[in-house]
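Undergrad: Take this structure, written in structure tokens, and hold onto it; I'll ask about it next.
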Amino acid sequence: MKLMKNDLLLWMEKTNEKIQENKGYLTTLDQAIGDGDHGINMARGFQEVVNKISIANYESISDCLKDIAMILLSKVGGASGPLYGTAFLRMSNGIKGKQIVDKESFTTAIDEAINGMVQRGKAKVGDKTLLDVWLPVLKYLKESSYIDWNEFEQVAKLSMESTKDLIAIKGRASYLKERSIGHLDPGSVSSYLLFQALSEVAREAEK
Ligand SMILES: Nc1ncnc2c1ncn2[C@@H]1O[C@H](COP(=O)(O)OP(=O)(O)O)[C@@H](O)[C@H]1O
Ligand SMILES: [Mg+2]
């Protein structure tokens, strides 16, 4: 794995495309177990990310990730805005000084992102939050000797799907208790889209 600054832009563009395409779907999911704003929140945030980073010039990948974090923090809102903002801020710190992101620095970045989100949201594995996608992704990165991006995407997908059977312990969906069972967690679906977009960009970069 070797990702450069331009790949980060491609990752954000592809993520934004997927979020915009799935804006209604994310909203529907959040209507079932939340307040129905997740699609709107994410679409607003990632559109702004792409608008800004496609014209700005950053010295490093870390600087670009930091700006993405600031945009998400100020534009997404809800519970997910501060969480995604924190994730990107920690990723920025995790790869400070690198011009190329390799498997090792990427793993560190994801690990740090998770630490930040856990500190903020206090969620654990199985609480039916976006961490139920991030944690298995980290496990895959730590346990594999190289990243097979098809496998990576599959791990994110299966983890996202597994949130359907869980009871929500954190966030708005937790008010529903057992009634949250049978619905996908909206934040896990947006995180899956983020990782799906990354696998597509990484596969393209490896060609
Ligand atoms: N404490 C938490 N820790 C981790 N993720 C959380 C937490 N609370 C909520 N989430 C995630 O945020 C998503 C909801 O985001 P969103 O709808 O934008 O915010 P809100 O719940 O404030 O309306 C959930 O589907 C879940 O994945
Ligand atoms: Mg919501």
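Undergrad: Alpha carbon centre of region 170-202 versus region 83-116: separation in Å?
TA: Comparing the Cα centres of region 170-202 and region 83-116, I get a distance of 21 Å.
Undergrad: Output the relative contact order of the chain, whole-number percent, from Cα pairs under 8 angstrom with separation of 6+ residues.
TA: Working: 341 pairs, mean separation 49.3, N = 207.
About 24 percent, as a whole number.
Undergrad: Can I ask one more? Restricting attention to region 35-123, which GluC sites (Glu not before Pro) occupy a DSSP loop and are surrounded by at most 14 other Cβ atoms within 10 Å?
TA: Values: sites: Glu48, Glu59, Glu104, Glu112; in loops: Glu59.
Hits after loop and neighbour filter: Glu59.
Undergrad: Could you line up Leu158, Leu10, Leu166 from fewest to most neighbouring Cβ atoms inside 10 Å? Each step should come with its number before you reach the end.
TA: Details: Leu158 12, Leu10 18, Leu166 21.
Starting with the residue having the fewest Cβ neighbours, the order is Leu158, Leu10, Leu166.
Undergrad: Would you work out which of Leu131, Ala87, Gly171 lies farthest towards the positive end of the dipole of the chain, given +1 charges on the beta-carbon of Lys and Arg and -1 on that of Asp and Glu, about the Cα centre?
TA: Gly171
Undergrad: Can you tell me the orientation of helix 186-206 relative to the chain, as the angle in degrees between its alpha-carbon axis and the longest Cα principal axis, to the nearest 10?
TA: Helix 186-206 sits at roughly 20 degrees to that axis.
Undergrad: Pick out which of Glu143, Glu161, Glu17 has the largest mean-square fluctuation in a Gaussian network model of the chain, springs linking Cα atoms closer than 10 Å.
TA: Glu143
Undergrad: Please report the net charge: other residues with Cβ closer than 14 Å to the Cβ of Ala197, K and R +1, D and E -1.
TA: On the way: positive: Lys14, Lys18, Lys157, Arg203; negative: Asp7, Glu13, Glu17, Glu21, Glu153, Glu200, Glu204.
For residues surrounding Ala197, the net value is -3.
Undergrad: Given Cα positions, please report Rg to Rh for region 1-86, the hydrodynamic radius being the Kirkwood one. Numbers along the way, then the final one.
TA: Working: Rg = 13.4 Å, Rh = 13.2 Å.
Ratio value, two decimals: 1.01.
Undergrad: What 222 nm value per residue comes from the helices of the chain, counting each DSSP H run with n ≥ 4 as -39,500 (n - 2.57) and dividing by all residues, nearest 500 deg cm²/dmol?
TA: Numbers: 9 runs with 141 residues, N = 207.
Calculated mean residue ellipticity at 222 nm is -22500 deg cm²/dmol.
Undergrad: Now for a separate question. Rounded to the nearest 20 debye, what is the charge dipole size of the chain about its Cα centre when +1 sits on each Lys and Arg Cβ and -1 on each Asp and Glu Cβ? It would help to have the intermediate numbers written out before the result.
TA: Values: 27 positive and 28 negative charges, 105 e Å.
Here the size comes out at about 500 debye.
Undergrad: Pick out, from Gly77, Ala202, Met42, the residue whose Cα sits farthest towards the positive end of the charge dipole of region 5-205, with +1 on the Cβ of Lys and Arg and -1 on the Cβ of Asp and Glu.
TA: Of Gly77, Ala202, Met42, it is Gly77.
Undergrad: Helix 149-162 versus the longest principal axis of the chain: what is the Cα-based angle in degrees, 0 to 90, to the nearest 10?
TA: Tilt of helix 149-162: around 20 degrees.
Undergrad: Using alpha carbon coordinates only, what is the Rg to Rh ratio of the chain, with Rh defined as the Kirkwood radius? Walk me through the numbers on the way to the answer.
TA: Numbers: Rg = 15.8 Å, Rh = 16.8 Å.
Across the chain, the Cα-based Rg/Rh ratio is 0.94.
Undergrad: If you line up the long axis of helix 131-143 against the longest principal axis of the chain, both from Cα atoms, how many degrees apart are they, to the nearest 10?
TA: Helix 131-143 sits roughly 40 degrees off the main axis of the chain.
Bear in mind that the values in this text are calculations on the coordinates, not laboratory data. Predicted model only: the values in this text are computed from it and were never measured. Cβ coordinates were reconstructed from backbone atoms using ideal geometry, including for glycine residues, and neighbour counts include every protein chain displayed.
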